[in-house]
Structures are given as C-alpha cells and as structure tokens.
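Chemist: Dumping the structure here so I can ask a few things about it.
The values are calculated or read from the model by the stated rules, or taken from the named source; none is laboratory data. As the structure is a prediction and not an experimental result, all values here were calculated from the model. Here the Cβ positions follow ideal geometry from the backbone for every residue, glycine too, while neighbour counts run over all protein chains shown. Only protein heavy atoms, including side chains, enter the accessible area calculation; ligands, DNA and RNA are left aside. Shrake-Rupley method; radii C 1.70, N 1.55, O 1.52, S 1.80 Å.
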Amino acid sequence: MEAETARTIERILRTQFVDEAEVRHQIDDLRPRLVAHLEQARAYQPRTETVARIHERYVGAWQGLLDGLGAIGSGFDTGDYTRLARGREAMAAWRDGLVGVAQDLRALVQQLGVDPGGATES
C-alpha cells in the first residue's frame, strides 16, 4: 500500500494542481483503498508499549494523508487554495512519517535481534 500511495502522490504532485480533473481522479481512486488500509491498521492491537507508539505514528501518518486529500478536494470546491497547500504539506508529512516509522521499526528489530527475513511489504 505504501509504494502504491507514494506513486499516486507523485502523480498528483506532477500535475502541480493545475489539472484539477486528474488530481480528483487520483484522489478518488486512492481514497477507498486508503480508508480500508486505515481501518485495518486501526484494528491492529499492539502488545507492547514500544510497538504501540510506533503504530500510533503509523496510523497518524495515514490519517493525516486522508485529511490532506480531503483538504485538496475542499480547496478545489471552494477556491481556497490554501487548502491545496495544506494537502501538499500532508503528503510530505505522510512520507516523512512513514520514513520515521520504518527507522523506528528497523531500530526495534536490531534491538531485539529479530530476523526480519520473513517480513513482507504491503
């Protein structure tokens, strides 16, 4: 899901928000998958405080992205282009948030001496 979302964000950014129809198409295509992913992520119950903190950041990054996509749509609807800027900021924050989560997970794996070889990317 992360790679697919990153590609969608790149497609949106390439439009520079000039092609409203394309941006709306990309958002409309992504939103249902994002909502489903967020529901699955929220359903996960971490068993340790450390994992719970990482999980909270992960869910927060996805929720921020969803809110940002909503701001973009609202910006187009109302002509309030500061909302487009908020949406763009949310996309950057999502990327930065996932990088931070990945770093935290990597550090936790190293700390625990776990072999992540069986892990799969979503």
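Chemist: Kindly indicate whether GLU39 is modelled with pLDDT of 95 or more and of a type in the set (Asp, Glu). Walk me through how you get there before you give the answer.
Modeler: Numbers: modelled with pLDDT of 95 or more: yes; of a type in the set (Asp, Glu): yes.
So GLU39 fits the description; yes.
Chemist: Follow-up question, since we're still on this one. Condition (residue is basic (Lys, Arg) and surrounded by 14 or more Cβ atoms within 10 Å (Cβ to Cβ)) applied to the range 24-45: is it met by at least one residue? Lay out the reasoning, then the answer.
Modeler: First pass over the range 24-45, keeping only residues basic (Lys, Arg): 24, 31, 33, 42.
Filter once more, so that each one left must be surrounded by 14 or more Cβ atoms within 10 Å (Cβ to Cβ): 24, 31.
Looking for residues that are basic (Lys, Arg) and surrounded by 14 or more Cβ atoms within 10 Å (Cβ to Cβ), one finds at least one in the range 24-45, hence yes.
Chemist: Which ones in the range 53-102 are more than 22 Å from ALA43 (Cα to Cα) and of a type in the set (Asp, Glu)?
Modeler: ASP77, ASP80, GLU89, ASP96
Chemist: Just one of (1) more than 14 Å from the chain's Cα centre (by Cα); (2) open to solvent by 30 Å² or more (accessible area, probe 1.4 Å); (3) more than 17 Å from ALA102 (Cα to Cα) trips up PHE17, so point out which.
Modeler: (2)
Chemist: Please tell me if GLY97 is modelled with pLDDT of 95 or more, surrounded by 15 or more Cβ atoms within 10 Å (Cβ to Cβ), small (Gly, Ala, Ser) and touching a Lys or Arg at 6+ places or on another chain (Cβ under 9 Å). Write out each step before concluding.
Modeler: Working: modelled with pLDDT of 95 or more: yes; surrounded by 15 or more Cβ atoms within 10 Å (Cβ to Cβ): yes; small (Gly, Ala, Ser): yes; touching a Lys or Arg at 6+ places or on another chain (Cβ under 9 Å): yes.
In short, yes.
Chemist: Are there any pairs with C-beta distances below 6 angstrom linking a residue in the range 87-116 that is in contact (Cβ under 8 Å) with a residue 12 or more places away in the chain to a residue that is among the basic types (Lys, Arg) and open to solvent by 30 Å² or more (accessible area, probe 1.4 Å), with the two at least 6 apart or on different chains, and if so which?
Modeler: Taking only residues 6 or more apart or on different chains, the pairs are VAL101/ARG57.
Chemist: If you don't mind, another one. What are the residues in the range 37-62 that are of a type in the set (Phe, Trp, Tyr) and either part of a helix (DSSP H, G or I) or on the phi > 0 side of the Ramachandran plot (or both), if any? Outline the logic, then answer.
Modeler: Keep residues of the range 37-62 that are of a type in the set (Phe, Trp, Tyr), which gives 44, 58, 62.
Selection gives TYR58, TRP62.
Chemist: Answer with yes or no whether ALA3 is open to solvent by less than 80 Å² (accessible area, probe 1.4 Å), modelled with pLDDT under 95 and under 27 Å from ASP104 (Cβ atoms).
Modeler: Working: open to solvent by less than 80 Å² (accessible area, probe 1.4 Å): yes; modelled with pLDDT under 95: yes; under 27 Å from ASP104 (Cβ atoms): yes.
The answer is yes for ALA3.
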